[in-house]
1. Only residues in region 184-204 that are modelled with pLDDT of 90 or more count as the first member; pair them with residues that are aliphatic (A, V, I, L, M), Cβ under 7 angstrom, at least 6 apart or cross-chain, and list the lot.
2. Please find, among LEU181, LEU154, LEU163, LEU175, the residue that is in contact with a Lys or Arg (Cβ under 8 Å, 6 or more places away or on another chain), crowded, with 17+ Cβ neighbours inside 10 Å and modelled with pLDDT of 85 or more.
3. If a residue counts only when it is crowded, with 18+ Cβ neighbours inside 10 Å, in contact with a strand residue (DSSP E or B) (Cβ under 6 Å, 6 or more places away or on another chain) and touching a residue at least 40 places away in the same chain (Cβ under 8 Å), which strands (runs of 3 or more DSSP E) contained entirely in region 1-70 have at least 1 such residues?
4. Of (1) in contact with a helix residue (DSSP H, G or I) (Cβ under 8 Å, 6 or more places away or on another chain); (2) of a type in the set (Asp, Glu); (3) free of Cβ contacts under 8 Å to residues at least 24 places away in the same chain, GLU155 satisfies all except one. Which?
5. Criterion first (surrounded by fewer than 16 Cβ atoms within 10 Å (Cβ to Cβ) and at pLDDT 90 or above) does GLY76 satisfy it?
6. Give, as residue ranges, the strands (runs of 3 or more DSSP E) completely inside region 93-173 that count at least 1 residues that are farther than 30 Å from HIS17 by Cβ.
7. What are the residues in region 108-152 that are free of Cβ contacts under 8 Å to residues at least 40 places away in the same chain, over 16 Å from the mean Cα position of the chain (by Cα) and under 21 Å from GLY25 (Cβ atoms), if any?
Amino acid sequence: MESVHRIRILLVDDEPHILQFLELGLRNEGFEVCSAPDGEQAVIVASNFEPHVVVLDVMMPGMDGLEVCRRLKEEGKDVAVIMLTAKDEIDDRVKGLTIGADDYMVKPFSFEELLARIQARLRNQFPSLLGEIRLGSFTIDDRKKEIAYQGEALELSPTEYKLLKLLVTKHGSVLSKSNILNIVWDYDFGGEDNIVEVYIRSLREKLGDKEHRVIRTLRGAGYRVDLL
């Protein structure tokens, strides 16, 4: 990915399925992601990975999330910590915020909510990382939720923005309809895959891509963006 500000996120949770789910989603959003299954590993990984954001479970065996947060903050690391807990208890929230946590979420939560919290922390603590991304003839401005093509801003709906951003940031890779549905229309979307064709058609019209040279169709495989 050209000219991408590599935002590093460390995920810490002792539940493997949660780590896998969040890793997939955040990598698809363009983040560099590392994970740790417990507090001890989290401290070691953080020292080498130097994350901008740590998504940190409170309830873990051994070193819990509160102790990990305390160590990260005491070391003076410039990092945003989002605490996760399965209990909506004020005591947990107060303890976390007292030792330096920057935000707090209660399990279960939606991926979209976590993503919004991460973006909010980045805007607050690392605004310089959220600049424009230039990829070939495309310019992606995540702050404005705007994509320009050949210098001209495109009028995109939120879903069109998300779809085109996915295709452009994954340029050169073939994305199947099922992959696109899972990422753009949520992991639990149960709709028909022809909705992807409808949105691809709309994007091609807005790009002036009559010959399908920008968004290519690979029959039986999916779609691929080639940067011009």
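The values are calculated or read from the model by the stated rules, or taken from the named source; none is laboratory data. Keep in mind it's a predicted model, so treat the numbers as computed, not measured. All Cβ positions, glycine included, derive from the backbone under ideal geometry; neighbour counts span all protein chains shown.
1. Final answer for the pair search is VAL196/ILE180; VAL196/LEU181; TYR199/LEU163; ILE200/ILE215; LEU203/LEU163; LEU203/LEU164; LEU203/ILE215; ARG204/ILE215.
2. LEU175
3. Once the strands (runs of 3 or more DSSP E) in region 1-70 are filtered for at least 1 residues that are crowded, with 18+ Cβ neighbours inside 10 Å, in contact with a strand residue (DSSP E or B) (Cβ under 6 Å, 6 or more places away or on another chain) and touching a residue at least 40 places away in the same chain (Cβ under 8 Å), what remains is 8-12, 53-57.
4. Result: GLU155 passes all but (3).
5. So GLY76 does not fit the description; no.
6. On the way: elements: 103-106, 133-135, 138-141, 146-149.
Of the strands (runs of 3 or more DSSP E) lying wholly inside region 93-173, those with at least 1 residues that are farther than 30 Å from HIS17 by Cβ span 133-135, 138-141, 146-149.
7. Selection gives PRO108, ILE147.
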